[in-house]
1. Looking only at GluC sites (Glu not before Pro) in DSSP loops with at most 15 other Cβ atoms within 10 Å, what is the longest site-free stretch of the chain?
2. For the chain, report the accessible area per residue in Å² (1.4 Å probe, heavy atoms, rounded to an integer).
3. Before rounding to the nearest 500, sum -39500 (n - 2.57) across all DSSP H runs of length at least 4 in the chain and divide by the residue total; then give [θ] at 222 nm in deg cm²/dmol.
4. State to the nearest 20 debye the size of the charge dipole of the chain about its Cα centre, where the only charges are +1 on K and R beta carbons and -1 on D and E beta carbons.
5. Please list 3J(HN,Hα) in residue order for the range 58-67, calculated via the Karplus relation 6.51 cos²θ - 1.76 cosθ + 1.60 where θ = phi - 60°; whole Hz, with x for glycine and proline.
6. So, with +1 on the Cβ of K and R and -1 on the Cβ of D and E, and no other charges, what is the size of the charge dipole of the range 42-122 about its Cα centre, to the nearest 20 debye?
7. Would you list, by chain and number, the lysines whose Cα falls below 24 Å from the Cα of LYS157, excluding same-chain residues fewer than 8 positions away?
8. Could you work out how much longer the chain between ASP75 and ASN96 gets when fully extended? Use 0.36 nm per residue separation minus the Cα distance between them, nm to one decimal.
Amino acid sequence: MAKKAARIDRRISVILLEFDKHLGEKYEMVKVKAIFAKNVLLPKKIAVVATPDTINAYKAKMAAALKTKEKKASDLGSLFDKINNDNGLMFSMKANEKGVLYEKIDVNHIVNRIKELYDIAVSDHLFKMKKKIIALGEYTIGFSYNTVEKDLRVVVKADHSKKDAETVETKEEAKEEAVA
């Protein structure tokens, strides 16, 4: 029986000149298909081909970007530890009697809550949220950036606004009158 030929990697290395959420950080070296580099990245000046000359030219910027990326990973790791020590992100949302939310919670809600509470901007594409949150309860959402792999605890509780409180009070008063 004949052996299969070794798979040849036809991708080329490029240095990114801009951040792209699908490819990577600015000044990071990544491998992409040659046709993608030729038709998209190079004409739009999003990347340059990683030759020895360009690697040498961007070496200082690549090292600085690597330090920045490590610092960002460290900061995000400590942020998520702090959030989990604070018993996770709390949401107070309106829900029906069965506990189903009137407004679904998605990644944008989580990013905005983190920005509001901790004054730190986190990119929404870093969260691994398969479905929107549609009911009251506790949820765990994955987060991944560089070497940081964290689980974020999200707690959704019912919002008892003034109108809801008045409705509950009138129902209790009606029950008391019916009993008396």
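1. Details: sites that count: GLU18, GLU97.
Counting at most 15 other Cβ atoms within 10 Å as exposed, the longest clean stretch of the chain is 98-180.
2. So the chain comes to 72 Å² accessible per residue, rounded to a whole number.
3. Working: 4 runs with 63 residues, N = 180.
Per the formula, -11500 deg cm²/dmol.
4. 1880
5. With coefficients 6.51, -1.76 and 1.60, one gets 9, 4, 5, 5, 5, 5, 5, 5, 5, 5 Hz.
6. Here the range 42-122 has a charge dipole of around 420 debye.
7. Within reach: LYS82, LYS94, LYS98, LYS104, LYS115, LYS128, LYS130, LYS131, LYS132, LYS171.
8. 3.7 nm
The values are calculated or read from the model by the stated rules, or taken from the named source; none is laboratory data. Keep in mind that what you see is a predicted model, and the values were worked out from it rather than measured. Methodologically, a virtual Cβ is constructed for each residue, glycine included, from the backbone with ideal geometry; neighbour enumeration extends over all protein chains shown. Note: areas computed on protein heavy atoms with side chains; ligands, DNA, RNA excluded. Shrake-Rupley method; radii C 1.70, N 1.55, O 1.52, S 1.80 Å.
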